[in-house]
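This report concerns only the one structure given below.
The values are calculated or read from the model by the stated rules, or taken from the named source; none is laboratory data. It should be emphasised that the depicted structure is a prediction, and the values quoted were computed from it without experimental measurement. Note: ideal-geometry Cβ built from the backbone for every residue, glycine included; neighbour counts use all protein chains shown.
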Amino acid sequence: MFPELNNLLNITPDRAEQGKLTLLCDAKTDGSFLVHHFLSFYLKANCKVCFVALIQSFSHYNIVGQKLGVSLTLARERGQLVFLEGLKSSMDVFFQANEEPHPLQFLREANPGNLQPLFEFVREALKPVDNGEAVWKCPVLLVDDLSLLLSLGVGAVAVLDFVHYCRATVCWELKGNMVVLVHDSGDAKDEENDILLNGLSHQSHLILRTEGLATGFCRDVHGQLRILWRRPSQPTAQRDRSLTYQYKIQDKSVSFFAKGMSPAVL
Amino acid sequence: MAAAATCGTGAGSTASMASEASKSNVTSFQRRGPRASGTDSGGTRLVSIAGTRPSVRNGQLLVSTGLPALDQLLGGGLAVGTVLLIEEDKYNIYSPLLFKYFLAEGIISGHTLLIASAKEDPADILQELPAPLLDDNCKKELDKDVYNHKTPESNVKMKIAWRYQLSPKMEQIGPVSPSRFGHYYDASKRIPQELIEASKWHGFFLPEKISSPLKVEPCSLTHGYLKLLQFIQNIIYEEGFDGSNPQKKQKNILRIGIQNLGSPLWGDDVCCTETCDNSHSLTKFLYLLRGLLRTSLSACIITMPTHLIQNKAIIARVTNLSDTVVGLESFIGSERETNPLYKDYHGLIHIRQIPRLNNLICDESDVKDLAFKLKRKLFTIEWVQDNYLRQERNIYPPGFSYLLKQKDSAWGEGSLQHSTFLMSFLAKATAFASRLVRHGEPLKQTGSGRIRQAAGPRLWHDGRRQEAPGFLGISP
């Protein structure tokens, strides 16, 4: 996790909030450093994490996690982390002719109807253990990333349904948290993606939006991060609070600064 | 610059690899294993595969793309287990060249090839591969080229934007022997037949592999993609590239080349209509291919005619599903062909995406305006700003006004003399010099040229407002 980002968001591993849906959105840049942040944050906060990793392999997250101070292999062995690796099992699922249920069985279908098997997997992974002892704090669901499901043939509405079911179970019933990543297509008019993004923006409590700089590539400032706190349950009586920072990604951390205050320019 | 650093360490590590290949027992050279064995590589392991080298940044295993200049721009080479997507140029003239360089590099390094095409027989593609330039020939060619286009320009001193003279130049790496990383190829000669025969390759020619269409079950993937995926999976499994076969002692890289993916010849109509029936076929294929590659010792090059894809959203999705994306834009038939700025070049090359593998950051190159040319026999990539600044006068012609931005202040307008003077100031930091923008069409004189004098002690000296003589003695 990045200590500077924790300060900006005003959270610490000891005092994590519960029942929140966080939306990570990136436009014209790569926002995956936020996924690494939240993964290591919740593992350090002693939460039970279910990670649906569709876009990269386990060793990728593991190696970056080691730089941030968590060991995913250790967490997986202890039972703290349930890791669904999409890439490794994709070929097997696709070529399995029999009707064996698998969380990713939408890969087999020509027009996948819904993501129910995936939801069952998540529910199974995060349900509290029956012996009654609370070993881990609140359960957390991490998805990287949802836009990929659209590329694989799932409709935007089906993905929204999946998020809704997960939110009802994880956030409301189990008092846990959810973090999902969605790409913003920007200029390319990806209507399905826009439906998904708009739908999620209205449901989420916290939106972290990374954008590339409008003026193009810069060596010292890699992008801009917009943080938006929302209260979706209440009518918008109070204004949502929003902050904007620019950031530079380094080897093991990310440094944040106010707009225009990059150390390279000052 | 980072490129120079990778050059130096590249030479160092290949030297150690050469010695290690001979000993192949215990050496001090250690690196983390490739992602194929990521799950059990708790520590380090010794790997010696010909034609590969570890990345300077994170030990990731890299292979050469066949163009040392492109390797430099991609941060050392193409990572094993990833896809290099080439967005084809409009008339498909230069992308087959990159495709062939990749395959030729595989033959020279002794890798296994898998060539898939719906248009040409893979055996014919193999015959047309370029011949490698070995030591002495290469040196002669490079010296000739360097002499020809370096002498006139290096003598010209930049008068105004003098900081650009110290800008990074695309240094050409010296010629390398066949056992090193990255070779130069002669596009005018064919690869010797004995090299082809000594190599191991598999071909997938779509018209041969597609059986009668009666047996096709409805599936989310186009029939051609399905067959190709099964073919690749078979090769990887049978030849042990995914590490599942413990009997295979010799570890080697599988270089996969797929030509014109997405074109109608593959049975996909993503290039034909905007809303196609099987719109997810291409993206699903790329996802499954990515899963295959990540768990095996292979690298893949795909050329795709993205300029034909009607639905731009699909291009964005394809880019997200590929690791490294390089776009080619040739000047043929475009207005840039006659632009004096680009007279030495054949097209622009855009590095659209570089993956961040096992890392938070990636080795992005600072130079973004790159052009390529196929000069005599060599394919070179250069920073187009070099040529840009050789013709200063063409860029800042007199008669125009220029908007200048100074540090921490708003945009202001300046006259030409003011602007050229300030340019030298601002050009001290190259970041600011790029903010000099030509404002618009040359301004016609609109007023009388009269200058109203500012208020001072003698303004109303004669009972009339004093006026300074006109700055421009031109009547309107």
Problem set entry | Of residues in region B:294-314 being out of contact with any Asp or Glu (no Cβ under 8 Å at 6 or more places or on another chain) and within 22 Å of B:P96 (Cα to Cα), the one nearest to the other protein chains (Cβ to nearest Cβ) | B:I309
Seminar exercise, completed: Picked from region A:52-78 (must be out of contact with any Asp or Glu (no Cβ under 9 Å at 6 or more places or on another chain) and touching a residue at least 12 places away in the same chain (Cβ under 8 Å)), the residue farthest from A:W136 (Cα to Cα) is A:V64
For this session: Scan A:L74, A:L34, A:L43 and give me the residue that is surrounded by fewer than 16 Cβ atoms within 10 Å (Cβ to Cβ) and assigned to a helix (DSSP H, G or I).
Result: A:L74
For this session: Kindly indicate whether any position in region B:289-307 is surrounded by fewer than 17 Cβ atoms within 10 Å (Cβ to Cβ) and touching a residue at least 40 places away in the same chain (Cβ under 8 Å).
Result: yes
Problem set entry | Residue in region B:329-341 that is more than 13 Å from every other protein chain (Cβ to nearest Cβ) and in a strand (DSSP E or B) present | yes
Exercise. Looking at region A:180-231, which of its residues are touching a Gly at 6+ places or on another chain (Cβ under 7 Å) and not charged (D, E, K, R)?
Worked result: A:L181, A:T210, A:G212, A:L213, A:G223
Exercise. From the list B:D323, B:D363, B:D369, which one is within 14 Å of chain A (Cβ to nearest Cβ) and modelled with pLDDT of 85 or more?
Worked result: B:D323
Problem set entry | Long-range neighbours under 7 Å by Cβ, at least six apart or interchain, first residue in a loop (DSSP other than H, G, I, E, B) and surrounded by fewer than 20 Cβ atoms within 10 Å (Cβ to Cβ) within region A:97-108, second modelled with pLDDT of 85 or more and not basic (K, R) | A:P101/A:P117; A:H102/A:V93; A:H102/A:P117; A:R108/A:V93; A:R108/A:F94
Exercise. Does A:H60 fit the bill of being under 30 Å from B:L226 (Cα atoms), modelled with pLDDT of 85 or more and not hydroxyl-bearing (S, T, Y)?
Worked result: yes
Exercise. Do the conditions hold for A:A53, that is, is it modelled with pLDDT of 90 or more and either within 10 Å of the chain's Cα centre (by Cα) or hydroxyl-bearing (S, T, Y) (or both)?
Worked result: yes
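Here's the yes/no breakdown for (1) more than 14 Å from chain A (Cβ to nearest Cβ); (2) at pLDDT 85 or above; (3) under 27 Å from B:S117 (Cα atoms):
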site: B:S154; (1), (2), (3): yes, no, no
site: B:P168; (1), (2), (3): no, no, no
site: B:Q172; (1), (2), (3): yes, no, no
site: B:H202; (1), (2), (3): yes, yes, yes
site: B:S211; (1), (2), (3): yes, no, yes
Exercise. What pairs can you find where one residue is in region B:186-202 and of a type in the set (K, R), the other is not in a loop (DSSP other than H, G, I, E, B), and their Cβ atoms are less than 7 Å apart, with a gap of 6+ or different chains?
Worked result: B:K189/B:P130; B:K189/B:A131; B:R190/B:Q127; B:R190/B:A131; B:K200/B:T112
For this session: For B:S365, state whether it is surrounded by 15 or more Cβ atoms within 10 Å (Cβ to Cβ), at negative phi and small (G, A, S).
Result: yes
For this session: Inspect all residues belonging to region A:198-205 and state whether any of them is closer than 25 Å to B:S220 by Cα, more than 10 Å from chain B (Cβ to nearest Cβ) and surrounded by fewer than 17 Cβ atoms within 10 Å (Cβ to Cβ).
Result: no
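Per-residue answers, yes or no, for (1) within 14 Å of chain B (Cβ to nearest Cβ); (2) modelled with pLDDT under 90:
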| position | (1), (2) |
| --- | --- |
| A:T22 | no, no |
| A:L39 | yes, no |
| A:L68 | yes, no |
| A:R76 | yes, no |
| A:V93 | yes, yes |
For this session: Would you please name the residue that is modelled with the lowest pLDDT, looking only at residues in region B:252-283 that are under 21 Å from A:L87 (Cβ atoms) and either among the aliphatic types (A, V, I, L, M) or surrounded by fewer than 24 Cβ atoms within 10 Å (Cβ to Cβ) (or both)?
Result: B:H280
Exercise. Does region A:1-20 hold any residues that are assigned to a helix (DSSP H, G or I) and either among the polar types (S, T, N, Q) or within 14 Å of chain B (Cβ to nearest Cβ) (or both), and which are they?
Worked result: A:E4, A:L5, A:N6, A:N7
Problem set entry | Lone qualifier among A:V129, A:V82, A:V143, A:V93 - being more than 27 Å from A:S71 (Cα to Cα) and among the β-branched types (V, I, T) | A:V93
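To keep it simple, each residue is scored yes or no on (1) over 24 Å from A:N193 (Cα atoms); (2) hydrophobic (A, V, I, L, M, F, W, C); (3) surrounded by fewer than 18 Cβ atoms within 10 Å (Cβ to Cβ); (4) out of contact with any His (no Cβ under 9 Å at 6 or more places or on another chain).
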site	(1), (2), (3), (4)
A:P128	yes, no, yes, yes
A:V135	yes, yes, yes, yes
A:L141	no, yes, no, yes
A:D144	no, no, no, yes
A:L150	no, yes, no, no
A:H164	no, no, yes, yes
Exercise. Does region A:134-157 hold any residues that are small (G, A, S), more than 10 Å from every other protein chain (Cβ to nearest Cβ) and not in a helix (DSSP H, G or I), and which are they?
Worked result: A:A134, A:G155
